[in-house]
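Working notes for the structure below.
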């Protein structure tokens, strides 16, 4: 039996509707608030590109469609609104699932609820502070001055394209950094064995490279930049899984010992 009384199906549905409405209202309010400061969010996201330019005061981002800038700011507000409202959404999800869990299960679930958004933010921060500066310098290295009888090659990026690739990469890195949480949960649930993860390193490399090719822009730099930390996270996941298995084995040993002593 669980520690909390079970609710009938209708009450579960009413509770689910209430929590979904709460999540939607919080997300809507966060999106509006982020749209009000979208220019500051834009300045933050464009900073790595500005710092990659040799003379940023003479560079610019352009938009070629009448509604492009407005739509880009709207997408930016939705993107930032999700970041801001995610802790509330996670708390609502936990609040809905908690009554159906044992006390020990609820206690075991809390670290994963903390680890998931933390790793997502770490992935997004890794993309912003590590990947973007190096990637933008690499892509800007293809600019070339005018030659005799020719024209210079110079970047004139569209604001919509730039914000799309930035948000795409931050979300891709944030989701990819969930790998330790996913693997530890699979091992804990008995769906994957630790020995399988150890023996499957070669297959993991192939899968990681394939995933990186799908979730990143079609350039080798972004794919390598995601593949390397993903494989390191895979190795970290093996260490976490080893710790989880050891802790569960110790718990079973203590339980068996206490039961033997009581006989």
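Numbers below:
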| read-out | value |
| --- | --- |
| Residue among 151, 97 that alone is at pLDDT below 90, surrounded by fewer than 16 Cβ atoms within 10 Å (Cβ to Cβ) and under 29 Å from residue 221 (Cα atoms) | 151 |
| Selection count, the stretch 171-199, where residues are assigned to a loop (DSSP other than H, G, I, E, B) and surrounded by fewer than 16 Cβ atoms within 10 Å (Cβ to Cβ) | 4 |
| Residue in the stretch 48-64 that is buried (at least 16 other Cβ atoms within 10 Å of the Cβ), over 22 Å from residue 158 (Cα atoms) and at pLDDT 85 or above present | no |
| Filtered residue count, the stretch 16-45, keeping only those that are within 15 Å of residue 69 (Cβ to Cβ) and within 20 Å of the chain's Cα centre (by Cα) | 3 |
| Those residues of the stretch 115-169 which are under 25 Å from residue 75 (Cα atoms) and outside any helix (DSSP H, G or I), in sequence order | 155, 156, 157, 158 |
| Flag if residue 44 is within 22 Å of residue 129 (Cα to Cα), touching a helix residue (DSSP H, G or I) at 6+ places or on another chain (Cβ under 9 Å), exposed (fewer than 14 other Cβ atoms within 10 Å of the Cβ) and modelled with pLDDT of 90 or more | yes |
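Here's the yes/no breakdown for (1) under 18 Å from residue 162 (Cα atoms); (2) under 24 Å from the mean Cα position of the chain (by Cα); (3) free of Cβ contacts under 8 Å to residues at least 40 places away in the same chain:
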{"site": "56", "(1), (2), (3)": "yes, no, yes"}
{"site": "76", "(1), (2), (3)": "yes, yes, no"}
{"site": "90", "(1), (2), (3)": "no, yes, yes"}
{"site": "95", "(1), (2), (3)": "no, yes, no"}
{"site": "140", "(1), (2), (3)": "yes, no, no"}
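The values are calculated or read from the model by the stated rules, or taken from the named source; none is laboratory data. Given the structure is predicted, the values throughout are model-derived calculations rather than measurements. We place every Cβ from the backbone using ideal geometry, glycine too, and count neighbours over all the protein chains shown.
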